[in-house]
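Presented below is the structure to which this report refers.
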Amino acid sequence: MAKRTQNETKVMYEEAIRQNIAKKDWRKLSEVMIGAEKVGVGKSLRKKGWFQVGLSEAERGNHPSAIVAFNSARVLDSHPDEVLERLYGEVEGFCAEFDGIFSRADLFVLRQALERIDSFHRYHAKVAIGTLTRGKRLARWSEQRLQGAPLKEETPATHHVQRIYAALYPPMTIEEVRAEFARIVEPLIRERLERKPKPAAGGGGKGPKDSDDEEKPPEKEPELKSKGKKGREKR
């Protein structure tokens, strides 16, 4: 009985998404999409719904809400070039709107969220290089403004930045964990391997900077015993 009720709820949400898209009732669609996340509506339909919400918010000039909606569509799309392009366009609009208002903390948090998206898609190679370059450019923009930004606990942009961060930086999926590992840990391992001393040419002995040789204390020189009178040769 419980399973049947759950299926009926899912079907109800699916129909509500389709009807609201057909009617272009974006306000109701936005409310429906929040519930649809919890009842098992298929990825394809959820992606379509969130994308339409994003377009609606972008048209109104509500950059933060558009970013959140486009990101919700992005995580449901196996080839999110178009969605990611829209998302970055809204981030650009948001940055332009609050340029000179962001605090250092605002910019740092925003950059972290952007870099996470960049590292995820570079690792999985699911979007075009041009799209990734656009995201990297936004991350550099925020980094360049960090030093000149005011040190404030809160600005008019802070609430929006925190909302965007929460959307772009939720608890990691296993794929995102792997992407973060590739971005942070693998370069360290590669660097360590490159530093590892190689054996000297022509033999299997240790290299000139082998750690064992470096850590051994110098051998103690044998003490020279002085000969007494009895040990002297007679003339």
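Every number in this text was worked out from the coordinates using simple rules, so none of it is lab data. No experiment lies behind these values; they were computed from the predicted model shown. Because the Cβ atoms are built from the backbone with ideal geometry, glycine has one as well, and the counts that use them run over all protein chains shown.
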If you take the square roots of the eigenvalues of the alpha-carbon gyration tensor of the stretch 7-195 and sort them as a ≥ b ≥ c, do you get rounded (a/c under 1.5), prolate (a/b over b/c) or oblate?
oblate
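So, R0 is 22 Å and r is the distance between the beta-carbons of PHE108 and LEU55; what FRET efficiency does that work out to, to 0.05? Spell out each step's value before the answer.
Working: r = 30 Å, r/R0 = 1.35.
It comes to 0.15.
Within a Cβ distance under 15 Å of LEU45, other residues only, what is the Lys/Arg minus Asp/Glu net charge?
On the way: positive: LYS10, ARG18, LYS38, LYS43, ARG46, LYS47, LYS48; negative: GLU14, GLU15, GLU37, ASP77.
Summing Lys and Arg as +1 and Asp and Glu as -1 gives +3.
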Scalar couplings 3J(HN,Hα) for the stretch 11-24 by Karplus 6.51 cos²θ - 1.76 cosθ + 1.60 (θ = phi - 60°), nearest whole Hz, x for Gly and Pro, are 4, 4, 5, 4, 5, 5, 4, 4, 5, 5, 5, 4, 7, 6
From fewest to most C-beta neighbours within 10 Å, the residues TYR88, TYR165 line up as TYR165, TYR88
Give, rounded to the nearest 20 debye, the magnitude of the charge dipole that the stretch 55-111 has about its Cα centre when Lys and Arg contribute +1 at Cβ and Asp and Glu contribute -1 at Cβ.
240 debye
Note, the stretch 33-39: 3J(HN,Hα) by Karplus (6.51, -1.76, 1.60, θ = phi - 60°), whole Hz, Gly/Pro = x, goes 5, 4, x, 4, 5, 9, 10
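Which order results if GLU8, GLU37 are arranged by neighbouring Cβ count within 10 Å, fewest first?
On the way: GLU8 11, GLU37 14.
Arranged by neighbour count, lowest to highest, GLU8, GLU37 become GLU8, GLU37.
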Counted charge near VAL161, where neighbours are those whose Cβ lies closer than 14 Å (Asp, Glu -1; Lys, Arg +1)
-1
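List MET12, MET33 from most exposed to least, where exposure is judged by having the fewest other Cβ atoms within 10 Å. Kindly include the intermediate steps, with their values, before the conclusion.
On the way: MET12 15, MET33 23.
Ascending Cβ contact count within 10 Å gives the list MET12, MET33.
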